[in-house]
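Below is one structure, written out as structure tokens; comments come after it.
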Amino acid sequence: MTRALVIIDIQNDYFPGGAHPLVGSVAAAERASAVLAAFREAGDPVVHIQHVWDAPDASFMRPGTAGVEIHPLVAPAGDEPVLRKAEPNAFVGTSLEDTLRSLAPDELVVLGMMSSMCVDSTVRAASDLGFAVTLVHDACAAPDLTFGGTTVPGEAVHAAFMAALSGNFATLVGAAEVAGSRP
């Protein structure tokens with residue numbers, strides 16, 4: 001079985017000191033790093049996604065800032081492609097579908113940030129496009145969100161989105177399971 005790893009938006013702005021820190025971003029990135037290392041060791045393909053928010057009112061992921069850069073824990077290496085996007089769904093306005101079709105994986109392994117936005121949008125789209133998706137739930141992170149005067153903690157936001165994706169759009173697994181399954 002062939003697999004490809006898609007790393008979504010693990011960028012500096014999502015970490016402490018960044019313009020839009022997420023709950024649990026450091027722990028999620030450390031687990032993502034372990035999965036990435038396992039894929040590299042096995043020689044399996046890796047595709048990096050980088051969000052660039054090029055709008056006058058952008059509050060994070062702005063071009064030319066340190067925050068837009070991919071975090072060092074999962075920095076691209078060698079000839080690993082980096083696809084830049086401007087929308088939550090990494091398939092919109094990018095060559096992601098063509099890139100993945102050329103790799104012809106039996107399974108996409110996805111992880112990244114934000115669980116409630118770009119991870120959710122991309123996983124749903126991948127499933128709709130016919131890809132078998134495995135989502136590494138503990139290598140993702142979400143922000144606290146507010147709705148109707150109620151603040152929902154990031155851990156609850158993350159759990160709700162993982163619950164919605166599980167079984168319907170993706171198989172959810174932990175990073176240790178994915179990293180440990182690689183040769």
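The values are calculated or read from the model by the stated rules, or taken from the named source; none is laboratory data. Model, not experiment: these values are computed from the prediction. Positions of Cβ are generated from backbone atoms using ideal geometry, with glycine treated the same way; all protein chains shown enter the neighbour counts. With ligands, DNA and RNA removed, areas are computed over all heavy atoms of the protein, side chains included. Shrake-Rupley method; radii C 1.70, N 1.55, O 1.52, S 1.80 Å.
Tell me, which residue of region 38-56 that is surrounded by 17 or more Cβ atoms within 10 Å (Cβ to Cβ) and touching a residue at least 60 places away in the same chain (Cβ under 8 Å) is nearest to A19 (Cα to Cα)? Taking the candidates together, the pick is H51. Figure legend. Inter-residue proximity from region 108-127: first residues without any contact (Cβ under 8 Å) to a residue 60 or more places away in the chain, second residues of a type in the set (D, E) and open to solvent by 20 Å² or more (accessible area, probe 1.4 Å), beta-carbon distance below 8 Å, spacing 6+ or different chains. Indicated pairs: S121/E87.
Filtering region 92-124 to residues that are within 13 Å of the chain's Cα centre (by Cα), hydrophobic (A, V, I, L, M, F, W, C) and surrounded by fewer than 21 Cβ atoms within 10 Å (Cβ to Cβ) leaves only M117. If I ask for residues that are open to solvent by less than 60 Å² (accessible area, probe 1.4 Å) and closer than 16 Å to A75 by Cβ, which ones from region 25-37 would you list? Across region 25-37, the qualifying residues are S25, A28, A29, A32, S33, A34, V35, L36, A37. Cβ-Cβ distances below 7 Å connect the following pairs, each with a first residue in region 57-72 that is within 21 Å of V26 (Cα to Cα), a second residue that is surrounded by 14 or more Cβ atoms within 10 Å (Cβ to Cβ) and among the aromatic types (F, W, Y), and a separation of six or more residues or different chains: F60/W53; M61/W53; R62/W53; G67/F60; H71/F15.
Go over the candidates V110, V119 one by one and state the one that is at negative phi and assigned to a strand (DSSP E or B).
Checking each option against the conditions leaves just V110.
Please verify whether region 58-81 includes one or more residues that are open to solvent by 20 Å² or more (accessible area, probe 1.4 Å) and under 28 Å from N168 (Cα atoms). Within region 58-81 (the criterion being open to solvent by 20 Å² or more (accessible area, probe 1.4 Å) and under 28 Å from N168 (Cα atoms)), the answer is no, since none of the residues qualifies.
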